[in-house]
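Peer 1: Next up is a structure, given as structure tokens.
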Amino acid sequence: MVKLYIAGLGLILCIAFSGLTGCGTNSAVKTVSYPVPTSILLSPTPTVSMEIGTTSQFTATALNSQHDALTEPLFYQSSDPTIVTVASNGLACAGSWDSTTAPTVCTPGRVGVATVTATAQGIYSQSTTIYVHPHIDSITLSAGPNQQNLPCQSVGNSYIYQARAISAGADITPTVGQFFWSALNTKVATLSNTAQGLLNVVHGVSLNQVQVTAATPGTTPLFATVGTNTSLPINFITCAVQSIVLQVRSSTSSTQQITPIVTDVLGTQIPPPVLTYSSSQQGSVSVSSSGAVTNTTGTGGAATLIASCTPPNCNIGFMPSQPVYPENVVTQVVPVASGGSSGTIYVSSTQCGNRDSCFTALIPITYPADTLGSVSIFSEPPNSMVISPLGGDLFAGATNGIYTGGLGLTIVSIAGSTPSASQAPGAPGKVLAVSPDTDTVIISDTIHVPNQVYVYTVAINSIAAYAITGATAAAFSPDSLKGFIVAGKQLYVFSKLDPMRMINLSTPAADAAFLPEGAFGFLAGGSTAGVTAFRTCDLGGPFPTSTVAAPQFIRPLLGTNQLIPFDLTPNYHFLALDPPNIEVISVQTTPTGCTPTFNSGVASFNLGQGNFVASQFLVSEDGSKAFIISPSLNSIPVFDTTSLSTSSIGLNGQVTPVQAALTPDGGRLYVVASDGLVHVLDTNLGAEIGQITFPAQNFCLTSVGLNQPYPCKPDLIAVKP
């Protein structure tokens, strides 16, 4: 233990010799004791690069055996003060200080290498090596010696880069010391300057080389830094995914395990990166991030399942984004429980409109008993109603938003027994689409000037507005990365990663849908051919498919099948509705990379109803039947895809349909009709089996839930997946 004697404000070392009286003073003497530290930490370490005449701050901390910091006088030492001088406060000068106790002027010294240590009571820190060098004009990055020049590196392969420091045209790399390397996208590559085979190694670390190992398909800028100087970036590419083949490793009636085989652009099979697994009907069939497929027990229904390389988790950093979709899909059909499927539908009305103090009823109906549930009340009259694919939220559009005296989009949580509501006030308009991952909602306002499209992100409760006029339909890619928004003769493409893009069409489009495996989006219209496709990845196109007329609607079918006579192999299919006909579009493609191709063919069938305008086009989840809703018909035309035949289901009372909802198993069609009742159709029997009435219930209410004096009929209906 060292003792220091402090008299007043000064430090006096008092030594008494034999025969002397000692050191006299009238001031009180205070003794301060400092423990001997166990270790001293010095920072920065292990190396520092400094330009001559510059400064760098060092800090030191004394620690006891429990690694607790001690209050301790610390001193700094330089191995060569002609190269580096360190002041008492730890500020180092690449040269000489005018004063080590009150440093102000740092006079440049000479180029060289020195070490700095910190000490207290005979205990020393590890030393930091300081490289003092001339001014660096630039840092250049290049391949290390004997590196094979490939366009990219497959996952697991490595590549060596080296850095050089240039001053006044001369290479001064040996004088600058340790370069530090970094990657912008750390998932794409791992960096090591201690790997075997690197050159210029000091204490196990290469001073100017790094080994970069490909980790996840994508691209990342690499940087090297020395001192305060950073290089321009050099791009490292982990080879992009080129193809994905899905294999089912195990299967039961209610579960499957999907295992992907992934190949990169060099043709190398690589360990599967983080893929995005998607289900076309998440309410019926769920798929986990590891490819485990599970049915919703007993509800019926079906889904197409894919695994895609979707940025930002795969093919990271490419601009624009480069999603890659699988060469095949997996399907899962959900068996119906012995007692039949069950679930909930929701009924509401648009007829409050812009009436003052008018509140709208939302009524759940539990099927198959068709029992009315408790009434909830919309404080903002809805103009549309869409339930998320997982069934947790009901999104109700509204004519007015916060800027026009309304509350905008209403989000009703229907996951629990008691619904609860919230608003997105800045997003008025009709709900056009909800993404498969349930996180993105597209809303179109065609009422106010200027027209707007709003994209609402559920997870962060944010709204983005786009100046898009007359948007009438939208659809999302199966991985939820992109959305096609149809607005007359313009196609707008929303992406979670890329800027909104607009594509001019030669003719107006009416609807949009994506191929089940995801590589192409199709438009009903958009060209004189009738149907127009664009690649999802790079938006290449247009690719036309000729139909009898421009369809009003287009819908994908489940998985792959051989449906029409010229299907020589199982193909993907769309149903396109262009009354009086319905078209079966057969699509053959094997998606590879970002620019796949496809072939298509069309078979046309007359529905036997003459010309009419449809308001809805519903397809069962298993793709076996399609149902057409038209306010000009008093029946529901049906198209059977397995027999390629047409039929119709009549509505009792000679009423006309307004809107309909189809249960996941396709067994029941609930139709809101012009008489204000919900007609229940059994699709297997092909007949109406009942009607649901709303006794004493007006859908237009007061704020306390009483009926308004004017009648409002239901005209909105949606089924919970």
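Peer 1: Using only the Cα atoms of the chain, what semi-axes does the equivalent ellipsoid have when each is the square root of 5 times a gyration tensor eigenvalue? Give whole Å, largest first.
Peer 2: Working: eigenvalues 983, 222, 102 Å².
Equivalent-ellipsoid dimensions as semi-axes: 70, 33, 23 Å.
Peer 1: A follow-up question, please. Rg (Å, one decimal) plus Dmax (Å, integer) for the alpha carbons of the stretch 568-721?
Peer 2: Both quantities, over Cα of the stretch 568-721: 18.9, 62 Å.
Peer 1: Using every Cα-Cα pair within the stretch 138-236, state what percent have a distance larger than 24 Å. Intermediate results must be reported in sequence, preceding the final value.
Peer 2: Numbers: 832 of 4851 pairs.
So the pairs more than 24 Å apart make up 17 percent of the total in the stretch 138-236.
Peer 1: How large is Rg over Rh for the stretch 500-650, taking Rg from the Cα atoms and Rh as the Kirkwood inverse mean of 1/r across Cα pairs?
Peer 2: On the way: Rg = 15.0 Å, Rh = 15.6 Å.
Taking Rh as the inverse mean 1/r over Cα pairs, Rg/Rh reads 0.96.
Peer 1: Same structure, new question: Grab the eigenvalues of the alpha-carbon gyration tensor for the stretch 552-602, scale each by 5, take roots, and send me the semi-axes largest first in whole angstrom.
Peer 2: Working: eigenvalues 86, 36, 16 Å².
Values for the stretch 552-602, descending: 21, 13, 9 Å.
Peer 1: Next up: In the stretch 144-160, whose amide N lies under 13 Å from the spot 7 Å out along Cα-to-Cβ of Ser192? List them in ranges.
Peer 2: Inside the label zone: 156-160.
Peer 1: Let me ask something additional. Run the numbers for Thr294 and Ser99: contour at 0.36 nm per residue of separation, minus the present Cα-Cα distance, in nm.
Peer 2: Numbers: separation 195, 0.36 × 195 = 70.20 nm, distance 7.46 nm.
Additional length available on full extension: 62.7 nm.
Peer 1: In the stretch 642-721, carbon and sulfur make up what percent of the accessible area (probe 1.4 Å)? Working shown, then result.
Peer 2: Details: 1700 of 3300 Å².
Solvent-exposed carbon and sulfur of the stretch 642-721 make up 52 percent of the total.
Peer 1: Under a plain spin-label model, where a point goes 7 Å from the Cα along Cα-to-Cβ, how far apart in nm are Gln148 and Gln257?
Peer 2: Roughly 3.4 nm, to one decimal.
Peer 1: Report the FRET efficiency, 1/(1 + (r/R0)^6), for Leu266 and Leu63, where r is their Cβ-Cβ distance and R0 is 60 Å, rounded to 0.05. Spell out each step's value before the answer.
Peer 2: Details: r = 51 Å, r/R0 = 0.85.
Here the calculated transfer efficiency is 0.70.
Peer 1: So, one more: For Ser243, what residues show an amide H to amide H distance below 5 Å, using hydrogens built from the backbone and excluding near sequence neighbours?
Peer 2: Thr263, Gly593
Peer 1: Calculate for the chain the 222 nm mean residue ellipticity that helices alone would give, adding -39,500 (n - 2.57) per DSSP H run of length 4 or more and normalising by residue count, nearest 500 deg cm²/dmol. Don't jump to the answer; show the numbers that get you there.
Peer 2: Working: 1 runs with 4 residues, N = 721.
It comes out at 0 deg cm²/dmol, rounded to the nearest 500.
Peer 1: Scan the stretch 597-701 for chymotrypsin sites (Phe, Trp or Tyr not before Pro) in coil per DSSP, keeping those whose Cβ has at most 10 other Cβ atoms within 10 Å, and list them by number.
Peer 2: Hits after loop and neighbour filter: nothing returned.
Peer 1: Largest first, what is the accessible-area ranking of Thr597, Thr569, Thr47 with a 1.4 Å probe?
Peer 2: Working: Thr597 100, Thr569 60, Thr47 25 Å².
So, going from the largest accessible area down, we get Thr597, Thr569, Thr47.
Peer 1: Next question, about the same structure. With loop defined by DSSP as not H, G, I, E or B, and exposure as at most 14 other Cβ atoms within 10 Å, which is the longest segment of the chain clear of exposed trypsin sites (Lys or Arg not before Pro)?
Peer 2: Values: sites that count: Arg110, Arg355.
Answer from the scan: 356-721.
Peer 1: Taking the Cα atoms of the stretch 180-253, report the difference between the largest and smallest coordinate on each principal axis, in whole Å and largest first.
Peer 2: Here the spans come out as 62, 26, 18 Å, largest first.
Peer 1: Then there is this: Taking the C-alpha atoms of the stretch 254-350, how large are the radius of gyration and the largest Cα-Cα span, Dmax, in Å?
Peer 2: 17.1, 57
Peer 1: Compute the Cα gyration tensor for the stretch 315-453, then decide on rounded, prolate or oblate, letting a ≥ b ≥ c be the square roots of its eigenvalues: rounded whenever a/c is under 1.5, prolate when a/b is larger than b/c in the other cases, and oblate in all that remain. Kindly include the intermediate steps, with their values, before the conclusion.
Peer 2: Values: a/c = 2.67, a/b = 1.09, b/c = 2.45.
Since a/c reaches 1.5 but b/c is at least a/b, the shape of the stretch 315-453 is classed as oblate.
Peer 1: Here's a follow-up. From a point 7 Å beyond the Cα of Val548 in the direction of its Cβ, which residues of the stretch 564-590 have a backbone N at a distance under 16 Å?
Peer 2: 575-586
Peer 1: For the stretch 105-127, list residues with backbone N below 11 Å from a point placed 7 Å from the Cα of Val202 toward its Cβ?
Peer 2: Within reach of a label on Val202: 112-115.
Peer 1: Here is a follow-up. Just list whichever of Lys482/Lys625; Lys625/Lys713; Lys187/Lys489; Lys430/Lys496; Lys489/Lys713; Lys430/Lys625 have alpha carbons separated by over 32 Å in the model shown.
Peer 2: Details: Lys482/Lys625 28 Å; Lys625/Lys713 29 Å; Lys187/Lys489 41 Å; Lys430/Lys496 21 Å; Lys489/Lys713 35 Å; Lys430/Lys625 27 Å.
In this structure, Lys187/Lys489; Lys489/Lys713 exceed 32 Å between Cα atoms.
Peer 1: Determine the per residue accessible area of the stretch 179-248 with all protein chains present and a 1.4 angstrom probe, expressed in square angstrom. Numbers along the way, then the final one.
Peer 2: Values: 3080 Å² over 70 residues.
Using a 1.4 Å probe on heavy atoms only, each residue of the stretch 179-248 averages 44 Å².
Peer 1: Could I ask something else about it? Dipole magnitude of the chain about its Cα centre, charges +1 at Lys/Arg Cβ and -1 at Asp/Glu Cβ only, in debye to the nearest 20? Can you show the working numbers first?
Peer 2: Numbers: 18 positive and 32 negative charges, 188 e Å.
So the dipole magnitude of the chain works out to roughly 900 debye.
Peer 1: Using a 1.4 angstrom probe on heavy atoms only, work out the carbon and sulfur share of the accessible area of the stretch 281-339 in %. Walk me through the numbers before you get to the answer.
Peer 2: Values: 1080 of 2040 Å².
Carbon-and-sulfur percentage of accessible area, whole number: 53.
Peer 1: Straight-line reach from Lys720: which aspartates and glutamates fall under 20 Å, measuring Cα to Cα and dropping same-chain residues less than 8 apart?
Peer 2: Within reach: Asp370, Asp393, Asp437, Asp439, Glu621, Asp622, Asp665, Asp682.
Peer 1: A further question on this structure: Shape call for the stretch 35-118 from the C-alpha gyration tensor, a ≥ b ≥ c root eigenvalues: rounded (a/c under 1.5), prolate (a/b greater than b/c) or oblate?
Peer 2: On the way: a/c = 2.82, a/b = 1.95, b/c = 1.45.
Since a/c reaches 1.5 and a/b is larger than b/c, the shape of the stretch 35-118 is classed as prolate.
The values are calculated or read from the model by the stated rules, or taken from the named source; none is laboratory data. What you see is a predicted model, and the numbers here were worked out from it, not measured in a lab. Cβ: placed from backbone, ideal geometry, glycine included. Neighbour counts: every protein chain shown. Note: areas computed on protein heavy atoms with side chains; ligands, DNA, RNA excluded. Shrake-Rupley method; radii C 1.70, N 1.55, O 1.52, S 1.80 Å.
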